[in-house]
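Shown next, in structure tokens, is the structure this report addresses.
The values are calculated or read from the model by the stated rules, or taken from the named source; none is laboratory data. Source: prediction; values computed, not measured. Note that we place each Cβ from the backbone using ideal geometry, even for glycine, and neighbour counts take in every protein chain shown.
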Amino acid sequence: MGCASCRAKIRKAKRDTPRFIVDNTHTKRGMKNMKHGFTIVVTFSRAWCVRPFFNNLEKMEFDRSKCHLLIYNNTNNVFLDDLLIQKARRYQQLHKQKYGERKQFPPYASVRLFKSFRRTGGTVFGHVPSFDASKLPVIYEMQRDISEMITTKYFVEIEDDTLPPPHAIPRLLRKLRSNKKIGLVSGIEPTRSPHLEDMARLGVYYLIRPGAIIRERISLDKDLRGFQEIDASGFYLNAIRTEAWIKATKIMIREMEKLKIADPAWAIDTLWTNNVKRAGYRVICDMETPCLHMQLVSGRIYQWAIDKTVVKLDYYIRKHKIYAQGIPMTQAIIEE
């Protein structure tokens, strides 16, 4: 009986081991060239995003024959798993069709679907007992995984609730490739809220960060134009130089224990992208690449746009070791 129980536990452990569920990088002729072209990484944690996200992705303009598609399911959600497997296998089937039979676009250079089997903790909003009890360790481990999975010189990371414009990928990659000191080029996207009357901010920032801890974070004005030098961005839509991301990840790993105690839960994306700059690269945002940010409210999907944003400030009050967050800059008169 005990042996049977042990075998069942072993089988379950094997089933729940993080792994590629779909992977067409190996062919009868051997391993595909995974260093050629660029990679798109799509990070998924919400099943309701699958249909609108892929509908939008299929309308985007970029050379899929030079693109390796990596879908990362960062959950233990079986329903989400089924939806993503259907999509990944559909894209795989394009390789078996003759060119004239393809109705929409040529096949991707490769298609992979990775499942982490991680169980998420509490939300980053409101009270969470600790870093380890929140959803942040799941995001942290995912970004570490991604830094090890990318084989191309450049990659584009997109979150599942982000809808980029059609021109976004070639435009951001063109800017990234124009100068070897550029480590990251971000689109712009508003933050969001389940309270639809709220004003959001752009998820691109100027920082005051003398060390590991952020002292001030200020969002950019939506009326700026062109490419802007920034200090950090969210994880919404970024074109990234892989070597810069690996260096930024090493900084994140080195400082994580300090950040668990002292830094706010909402800033893990800000910290990571700012580490690209701390690693010696330029971080840039493109004000001409506005994305929509999806929000599910009462079973209906809403899209937040940049026209509903204002400049906001987050400020660290050292005396009390807390952050004042989301202060509109018209009200940002602060005394320590």
> Taking segment 208-241 only, how many residues are more than 12 Å from VAL311 (Cα to Cα), at pLDDT 95 or above, part of a strand (DSSP E or B) and of a type outside the set (Lys, Arg)?
Replying inline: 9
>> Conditions first: (1) under 26 Å from LYS153 (Cα atoms); (2) modelled with pLDDT under 85; (3) loosely packed, with under 15 Cβ neighbours inside 10 Å. ARG89 passes all but one, so which condition is the exception?
In response: (2)
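Pick from VAL283, VAL311, VAL297, VAL276: which is over 29 Å from THR151 (Cα atoms) and either modelled with pLDDT of 95 or more or in contact with a strand residue (DSSP E or B) (Cβ under 6 Å, 6 or more places away or on another chain) (or both)? Give the steps one after another, and end with the answer.
Working: VAL283 fails: over 29 Å from THR151 (Cα atoms); VAL297 fails: either modelled with pLDDT of 95 or more or in contact with a strand residue (DSSP E or B) (Cβ under 6 Å, 6 or more places away or on another chain) (or both); VAL276 fails: over 29 Å from THR151 (Cα atoms).
Answer to the check: VAL311.
Have a look at LEU292, LEU220, LEU271, LEU224 and point out the one that is in contact with a helix residue (DSSP H, G or I) (Cβ under 9 Å, 6 or more places away or on another chain) and touching a residue at least 60 places away in the same chain (Cβ under 8 Å).
Working: LEU220 fails: in contact with a helix residue (DSSP H, G or I) (Cβ under 9 Å, 6 or more places away or on another chain); LEU271 fails: touching a residue at least 60 places away in the same chain (Cβ under 8 Å); LEU224 fails: in contact with a helix residue (DSSP H, G or I) (Cβ under 9 Å, 6 or more places away or on another chain).
Residue meeting the stated conditions: LEU292.
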> If you check every pair at least six apart or on different chains, which have Cβ atoms under 6 Å apart with a residue in segment 306-321 that is under 30 Å from ASP286 (Cα atoms) and touching a residue at least 60 places away in the same chain (Cβ under 8 Å) first and a residue that is surrounded by 19 or more Cβ atoms within 10 Å (Cβ to Cβ) and of a type in the set (A, V, I, L, M) second?
Replying inline: LYS308/ALA200; THR309/ALA200; THR309/LEU202; LEU313/ILE218
>> I'm trying to understand the selection: among the residues of segment 183-212, which are over 24 Å from ILE158 (Cα atoms), surrounded by 15 or more Cβ atoms within 10 Å (Cβ to Cβ) and of a type in the set (D, E, K, R)?
In response: ARG209
> Hey, among the residues in segment 53-74 that are touching a residue at least 60 places away in the same chain (Cβ under 8 Å) and in contact with an Asp or Glu (Cβ under 9 Å, 6 or more places away or on another chain), which one's surrounded by the most Cβ atoms within 10 Å (Cβ to Cβ)?
Replying inline: ASN74
> Any residue in segment 104-120 that is among the polar types (S, T, N, Q), modelled with pLDDT of 80 or more and closer than 30 Å to LYS258 by Cβ?
Replying inline: yes
